[in-house]
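The values are calculated or read from the model by the stated rules, or taken from the named source; none is laboratory data. What you see is a predicted model, and the numbers here were worked out from it, not measured in a lab. FYI the Cβ positions are ideal-geometry reconstructions off the backbone, even for glycines, and counts take in every protein chain you see. In case anyone asks, the SASA skips ligands and DNA or RNA and just uses the protein heavy atoms, side chains included. Shrake-Rupley method; radii C 1.70, N 1.55, O 1.52, S 1.80 Å.
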Amino acid sequence: MKFSRTACLCLLLTLSSAPISAAGTDLLISPTGSVTAGSRTLTLRTPPQVSGGTLLLPVRETAGLLGRPVQVTGTLIQAGRLVIQTSNRSMTIDGVPYAGPLVIPASGDPLVDAKLLAYALDGQLVTRPGGGVAILGVPAAPPNPGPSLPVAAPSQPVPVVTPTPQTAAVAGAPEARFATNKSVYAPGERVTFTDFSFDPDGLNLARKWEGMSDVYFTPGEHRITLVVTNTKGRTSAPYTRVIRVEGAPLASPLSYALRSSPIGSTFQDTRNPAYPALPAVTQATTSYPLIFSDSPEAPTQSGVLYQDRASGRVRVVAYHLNRLGRPARLLVLAQARGAGGGVQVLREGSAGGTRMESVLGQVSVLDFLTSSGRARQDLPAQGLTALYTSPLLAPEQGAKVMLDLQITGEAQISVVMLEDGRPLTDATLSTLPQLAPDAQHQRGTFPGAVRSLTVRLGADPGRLTLGDNTSDPPLLGVDAMTGAPQRLSGNYGVQYDITVENTVPGTSTVASFAPRGGQYRGGMVVEDGSERQVLRIPGSGVLTNGDAPLMLWRTPSRVFRMSFIPSGGSFLPVSLVFYPVPGEVGP
């Protein structure tokens, strides 16, 4: 029930006897505590309060003004069918627990919702013009006495809250309903919600919550409201419950998040930049070259963006925007350099046709990590083989492609931007200019497309930073077109295979991801025993806040593995933050 500070509560009474009002006289109670009945006025000793738009009235004093007896036994107060236990701040109606606003001031006269008090005193509540309400027909003595004291224990499930007249259900509209498993929680204790909202015609419902949380850490009362809307746009009345949080904390916000935050969600940890760096041991494993093309990143004419010869296993990464002023395509081409050549695409990932650079990076990485490749194909002695052809790119649109290749013999790999309408032939390729680098981005051939690391976790949180060019050194290579030495800042396109070892018995590991250079959007694979999980970073949108890391993984395993490729269009460095958690936890 909503009240303005200047609105009055009109109580229209028909009483056989009342302390200040005669039968049929309006009893007016303002939010300031001023009471008027006919020509008589007084001021309540316990002033009313307004909480969340709800007017709260003192139980004992108001019931007395209405001529209704109030029974007090120790910490129990009974007015009509309402019983209040002040020691644990609980209420019941007809012996059933009721969750609603309850204030116990220094005077000891509890303040409750005016609507609830009228209902408990067997009055009929109706709305009045101007925002007031009226309670009609309150008898001098209850026709059905309330339950004898003491009342039912307040630990029972919280009951349905009776809607106020302003928000009572309208015929044909959906109804919001929910329950919590308890009415009183400790700070850090998980709250379980049961939503049983319904639509009379069986239509689907959209839900809007206010004040809802899986856990509360602040002591006091917390008001939770649900409104549902059906597919025809009809909206329910608000439905509210109030829970109380008190007692000794069961968990801190961080310890709760580490155990309970869903995989793919973020949580607050402002301390993670200060966690000690974990020493990463580089493992000697078989690697292969990386052919990287990102300069000029945005060519203004058709041409060869990068070109080099390769054999055996090789990775090709190309990332470019079309700035030709007309439609064009990004191509990765192979030409045999000798007889008997062939190529097999082992893995591939790509994205194209968008101006959103972070989308190009994320989608191509996730596509690459989840691909299965293609069958081997022969490379003809003459002619071109297109290993990748982008969608037609409008001006300012871009494309990114990642290819892991197994080349038999030797082949020339060319990355080309070609305007729409020009034929893809040997002659065309031979006449295209080799475009000069733009001096802001990198291109070249680099040894070490895969970097294998092992980190060992101790009893305290620790972080592994990638792409910072200091603790994680950049690859060094050469531009095969100019002979100039190259430094691959950020190691974009490098695959980090990370083995994580938990060395502390009796603990589990929680892994998180924190952006440290700016906006980030990408992907990762976790292998934990027989389970292989592809993770989108983040689940939606873009990560921006390093103090709100993304929950990646929880496991009791002593050893698990992560594969990570820095995503083009995003900022580096990033940190993987690992937390030891006592006992066993699961994803």
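Every residue in segment 65-76 that is surrounded by fewer than 17 Cβ atoms within 10 Å (Cβ to Cβ) and either touching a His at 6+ places or on another chain (Cβ under 6 Å) or not in a loop (DSSP other than H, G, I, E, B) (or both), please.
Scanning segment 65-76 gives VAL70, GLN71, VAL72, THR73, LEU76.
For the condition over 18 Å from PRO253 (Cα atoms) and within 24 Å of the chain's Cα centre (by Cα), what is the one hit in PRO549, PRO515, PRO580?
On inspection, the qualifying residue turns out to be PRO515.
Give all pairs with beta carbons closer than 6 Å in which a residue from segment 79-91 that is closer than 11 Å to ASP122 by Cα meets a residue that is open to solvent by less than 30 Å² (accessible area, probe 1.4 Å) and modelled with pLDDT of 85 or more; count only pairs at least 6 apart in sequence or on separate chains.
ALA79/VAL59
Cβ contacts < 7 Å: first residue under 13 Å from ILE29 (Cα atoms), restricted to segment 48-76; second residue open to solvent by less than 50 Å² (accessible area, probe 1.4 Å) and hydroxyl-bearing (Ser, Thr, Tyr), any location; separation 6+ or different chain. Result?
Final answer for the pair search is PRO58/THR46; GLU61/THR46.
For segment 410-434, which residues satisfy the criterion of being within 44 Å of the chain's Cα centre (by Cα) and either surrounded by 20 or more Cβ atoms within 10 Å (Cβ to Cβ) or on the phi > 0 side of the Ramachandran plot (or both)?
ILE413, SER414, VAL415, VAL416, MET417, LEU418
Could you give every pair whose Cβ atoms fall below 6 Å, whose first residue belongs to segment 363-378 and is in a loop (DSSP other than H, G, I, E, B), and whose second residue is open to solvent by 60 Å² or more (accessible area, probe 1.4 Å), counting only separations of at least 6 or pairs across chains?
Matching pairs, first to second residue: ARG376/GLN344.
Of the residues VAL494, VAL478, VAL510, only one is under 23 Å from PRO582 (Cβ atoms) and aliphatic (A, V, I, L, M); which?
VAL510
Is one or more of the residues making up segment 45-54 in contact with a Cys (Cβ under 8 Å, 6 or more places away or on another chain) and modelled with pLDDT of 60 or more?
Among the residues of segment 45-54, not one is in contact with a Cys (Cβ under 8 Å, 6 or more places away or on another chain) and modelled with pLDDT of 60 or more, which makes the answer no.
Restricting the search to segment 451-494, which residues are modelled with pLDDT of 95 or more, aliphatic (A, V, I, L, M) and either on the phi > 0 side of the Ramachandran plot or under 39 Å from the mean Cα position of the chain (by Cα) (or both)?
Matches in segment 451-494: LEU453, VAL455, LEU457, LEU464, LEU466, LEU475, LEU476, LEU488, VAL494.
Could you tell me which numbered condition LEU42 fails, if it satisfies all but one of (1) in a strand (DSSP E or B); (2) at pLDDT below 80; (3) open to solvent by 30 Å² or more (accessible area, probe 1.4 Å); (4) aliphatic (A, V, I, L, M)?
Evaluating LEU42 over (1) in a strand (DSSP E or B); (2) at pLDDT below 80; (3) open to solvent by 30 Å² or more (accessible area, probe 1.4 Å); (4) aliphatic (A, V, I, L, M) leaves (2) as the failure.
Taking segment 355-372 as the region of interest, how many residues are farther than 14 Å from VAL401 by Cβ, more than 23 Å from the chain's Cα centre (by Cα) and among the small types (Gly, Ala, Ser)?
Total satisfying the criteria: 1.
Kindly state which strands (runs of 3 or more DSSP E) lie completely within segment 473-587 and contain at least 3 residues that are within 30 Å of GLN397 (Cβ to Cβ) and out of contact with any helix residue (DSSP H, G or I) (no Cβ under 7 Å at 6 or more places or on another chain).
Here the list reads 485-488.
Matching residues to (1) open to solvent by 10 Å² or more (accessible area, probe 1.4 Å); (2) within 22 Å of PRO566 (Cβ to Cβ); (3) without any contact (Cβ under 8 Å) to a residue 12 or more places away in the chain; (4) out of contact with any strand residue (DSSP E or B) (no Cβ under 6 Å at 6 or more places or on another chain):
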| site | (1), (2), (3), (4) |
| --- | --- |
| SER452 | yes, yes, no, no |
| LEU457 | yes, no, no, no |
| VAL500 | no, yes, no, no |
| ALA514 | no, yes, no, no |
| GLY529 | yes, no, no, yes |
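Looking at the structure I just gave you, is ARG315 closer than 30 Å to GLY462 by Cβ, over 34 Å from the mean Cα position of the chain (by Cα) and at pLDDT 95 or above?
Yes: the conditions hold for ARG315.
How many residues does segment 312-342 hold that are among the β-branched types (Val, Ile, Thr) and either touching a Cys at 6+ places or on another chain (Cβ under 9 Å) or surrounded by fewer than 24 Cβ atoms within 10 Å (Cβ to Cβ) (or both)?
So the count comes out to 1.
In this structure, is ARG554 under 30 Å from PRO433 (Cβ atoms) and basic (Lys, Arg)?
no
State all residues of segment 559-571 that are open to solvent by 10 Å² or more (accessible area, probe 1.4 Å) and at pLDDT 95 or above; if no residue qualifies, say none.
Across segment 559-571, the qualifying residues are VAL559, ARG561, SER563.
Can you tell me which residue in segment 351-362 is most open to solvent (accessible area, probe 1.4 Å), limited to those that are among the polar types (S, T, N, Q) and in a helix (DSSP H, G or I)?
Selected residue: SER358.
The conditions are (1) open to solvent by 20 Å² or more (accessible area, probe 1.4 Å); (2) touching a Gly at 6+ places or on another chain (Cβ under 6 Å), and PHE292 fails exactly one of them. Which is it?
In the conditions (1) open to solvent by 20 Å² or more (accessible area, probe 1.4 Å); (2) touching a Gly at 6+ places or on another chain (Cβ under 6 Å), PHE292 misses (1) alone.
Quick check on segment 248-257. Is at least one of its residues crowded, with 20+ Cβ neighbours inside 10 Å, within 19 Å of ASN545 (Cα to Cα) and touching a residue at least 60 places away in the same chain (Cβ under 8 Å)?
For segment 248-257, residues crowded, with 20+ Cβ neighbours inside 10 Å, within 19 Å of ASN545 (Cα to Cα) and touching a residue at least 60 places away in the same chain (Cβ under 8 Å): present.
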